[in-house]
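Enquirer: My questions all concern the structure below.
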Amino acid sequence: IEAHRQRELKCTSIMSSTPPSQARKSKKVKKLLIEGVPASVRSNVWQHLTDSQGERMDGLYTQLGRRGRVAASN
């Protein structure tokens with residue numbers, strides 16, 4: 001259990017010290033991904049790698065819901 005916790009902390013540490021724009025180019029991040037990311041922090045790692053917070057558009061889901069239904073094309 002301790003080894004798993006250390007792995008989680010390592011992943012969290014590397015992601016917090018590497019900006020999203022540089023994460024995909026980082027040798028540390030590549031090594032981390034090859035070695036495997038614990039399931040408990042996997043979603044956070046992928047959100048960081050894809051810079052999901054930088055691309056976030058608050059209210060988009062609500063805005064799209066107001067449009068109403070769109071007819072399917074044949």
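Enquirer: Considering (1) loosely packed, with under 10 Cβ neighbours inside 10 Å; (2) under 13 Å from the mean Cα position of the chain (by Cα); (3) modelled with pLDDT of 90 or more, say which one L33 fails and leave the rest.
Expert: L33 satisfies every listed condition except (1).
Enquirer: Specify the residue that is nearest to L9 (Cα to Cα); the eligible residues are those in the stretch 36-45 that are surrounded by fewer than 14 Cβ atoms within 10 Å (Cβ to Cβ) and within 12 Å of the chain's Cα centre (by Cα).
Expert: This residue is R42.
Enquirer: Here is a further query. Say whether the condition of being modelled with pLDDT of 80 or more and open to solvent by less than 50 Å² (accessible area, probe 1.4 Å) is met by at least one residue in the stretch 65-74.
Expert: The answer is no; no qualifying residue exists.
Enquirer: Given the conditions (1) loosely packed, with under 13 Cβ neighbours inside 10 Å; (2) outside any loop (DSSP other than H, G, I, E, B), and given that H48 satisfies all but one, which numbered condition is not satisfied?
Expert: Just one mismatch for H48, condition (1).
Enquirer: Tell me which residues, restricted to the stretch 18-30, are surrounded by fewer than 11 Cβ atoms within 10 Å (Cβ to Cβ) and outside any loop (DSSP other than H, G, I, E, B).
Expert: Correct list: S21, Q22, K27.
Enquirer: Restricting to the stretch 8-29, what's the tally of residues that are modelled with pLDDT of 90 or more, touching a Leu at 6+ places or on another chain (Cβ under 9 Å) and basic (K, R)?
Expert: Going through the stretch 8-29 one residue at a time, the tally reaches 1.
The values are calculated or read from the model by the stated rules, or taken from the named source; none is laboratory data. These numbers were taken from a predicted model, which means no experiment stands behind them. A quick note on method: Cβ atoms are made from the backbone with ideal geometry, for glycine too, and the neighbour counts reach across all protein chains shown. With ligands, DNA and RNA removed, areas are computed over all heavy atoms of the protein, side chains included. Shrake-Rupley method; radii C 1.70, N 1.55, O 1.52, S 1.80 Å.
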